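Peer 1: Provided herewith is a single structure, encoded as C-alpha cells, for subsequent inquiry.
Please treat every number below as a calculation from the coordinates, not as lab data. As the structure is a prediction and not an experimental result, all values here were calculated from the model. So basically every Cβ, Gly included, is an ideal-geometry build from the backbone, and we count neighbours across all protein chains shown.
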Amino acid sequence: MQFTVFTTRSYRVLTQGEREEIMIGHRQSESIRSISRRLERNPSVVSREIKNNSTEEGRYQAYWAQMRSERRRRQSRWRERIADRLLRHYVHEKLSLGWSPEQISGRIRLDMPDKRISHETIYQYVFKKERSLTRFLVCGRKSRRKRIRKRTKRVVIPYRTGIEERPEHINNRKEIGHWEADTAVSRQSKQALMVLQERALGLTFLKKLPRCTADEMNDALTSRLGPLPEVMRRSITFDNGPENRHHYLLRDELNCKTYFCTPYSSWEKGSVENAVGLTRREWPKKTDYALISDEKIATLEYRLNTRPRKRFEYLTPFEYAGSVASTH
C-alpha cells in the first residue's frame, strides 16, 4: 500500500500559477488529491480554494479567484482607526475646541482613565478618514505660504531694558507674575486685540484695543493686570512695536518691571506668540476686530485657559493655577 507524504511548510498563499493549475485540473475532472500532489499542497487547501472561489454554478476561474483573494487580504488588514464611538466623539469635540492631537492624547488620561489614544492615531484619523477636521488643526492649510520678510522702520523705545538683562529665574519660569504682551492687528480695522500670557502659569488674557496706540495699550494692560495682587504683576516682556513706547509709565501704575526682546527676534517671547497664533485660528489676519464683541473675546479667553498643556502634565492653566495657589 502506497502512502502520500506531505511535507510540512509554513503558511503561504496560493499563487496565480497554482490557481491556474487547479483550474485546469478541476475542468478536466481531476481529483483533488491528484491536483494537491502535483502542487505539493494539502488536499484541504485545494478543496477550500475551489469551494470559496467558485461561482454559484460551480465554475472555478483562476483570474477571478486571484482577484477575490487579493481583495480579501486587503480588507483583512484594514481596521477602523478609532473604533470606540465614545473615544471618537471625544476627539471630534476637542478638535473643534482647537485642541491639538497631542493635547487630546495627554488629557484623555485624566478625563477618561480607561481610554488611551496616541496623537499619531488622531492625525491619521483626521487626514485619512475625516479630512473635514483638518480645518481645526494648526496645519489645516493645504499648502504653506512662503514668508516674505518686510523691511520696517525701527522704533526708538525710551528707557528700554533689553531681555538679556532679564533675571534667570524669570527665564526659567520659576516665579509667577511675569507676563509677555503682544497685539494682533488687522488691515481691515484700526482696532486690535491685546494678548497677555503669564509665563509660569500659562494664563492668557485678551482685551480689544480701540486703536493700536501706546496710550490704548497702557490702558488695556492696567485694566487687566491692575486688579491682580502684586505677586501676579512683577514684569512684562514686550517686542519693539510703537504701541509699547509708553511702557515706563507702567512701572508706577502697576509697580512692575519691563523688558524688551532683541529687535526682529519676537521668538524670544514665544509663549505669547503661540497665544496670538491660537487667536488667529479663531479670527484670521483679515478679520475686522471691530465686529468682534467683548462676549466672544471672553469666550475665547476661557477656551484658551481651559486647554490642557503638556508642560503641566495636561492640566489646564486654570487647574494648574489652582494647584499652585493651594500649595502656597
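Peer 1: Mind checking the full-extension length gain between ARG311 and GLU57? Use 0.36 nm per residue of separation minus the Cα-Cα distance, one decimal, nm.
Peer 2: Fully extending the segment from ARG311 to GLU57 adds 84.8 nm.
Peer 1: Further question: Please sort by residue number the trypsin sites (Lys or Arg not before Pro) in segment 75-124 whose DSSP state is loop and whose Cβ has at most 14 other Cβ atoms within 10 Å.
Peer 2: Answer in residue order: ARG79, LYS115, ARG116.
Peer 1: Now a separate question. At R0 = 51 Å, how high is the FRET efficiency between GLU273 and GLN28 if r is their beta carbon distance? Nearest 0.05 is fine.
Peer 2: Working: r = 77 Å, r/R0 = 1.51.
Efficiency, rounded to the nearest 0.05: 0.10.
Peer 1: Please report Rg (one decimal) and Dmax (integer) in Å for the Cα set of the chain.
Peer 2: Rg, Dmax (Cα atoms, Å): 32.6, 110.
Peer 1: So how tilted is helix 119-128 from the main axis of the chain? Cα-based, degrees 0 to 90, rounded to 10.
Peer 2: 70 degrees
Peer 1: Ignoring the sites themselves, what is the longest stretch of the chain with no chymotrypsin sites (Phe, Trp or Tyr not before Pro) in a DSSP loop and at most 14 other beta-carbon atoms within 10 Å?
Peer 2: Longest stretch, sites excluded: 160-263.
Peer 1: Tell me the relative contact order for the chain as a rounded percent, counting alpha carbon contacts under 8 Å between residues six or more apart.
Peer 2: 14 percent
Peer 1: Turning to a different aspect of this structure: Angle between the Cα long axis of helix 16-27 and the longest principal axis of the chain, 0 to 90 degrees, nearest 10?
Peer 2: It works out to around 40 degrees.
Peer 1: Are there any GluC sites (Glu not before Pro) in segment 281-328 that are in a DSSP loop and have at most 15 other Cβ atoms within 10 Å? List them by number.
Peer 2: Passing sites in segment 281-328 are GLU313.
Peer 1: Could you tell me which of PRO229, HIS246, LEU315 has its Cα farthest along the dipole of the chain towards the positive end, charges placed at Cβ (Lys, Arg +1; Asp, Glu -1), taken about the Cα centre?
Peer 2: LEU315
Peer 1: Can you tell me the orientation of helix 317-326 relative to the chain, as the angle in degrees between its alpha-carbon axis and the longest Cα principal axis, to the nearest 10?
Peer 2: Approximately 60 degrees, to the nearest 10.
Peer 1: Let me ask you something else. So how strong a dipole does the chain carry about its Cα centre when Lys and Arg Cβ are +1 and Asp and Glu Cβ are -1, to the nearest 20 debye?
Peer 2: Values: 68 positive and 41 negative charges, 345 e Å.
Computed about the Cα centre, the dipole is about 1660 debye.
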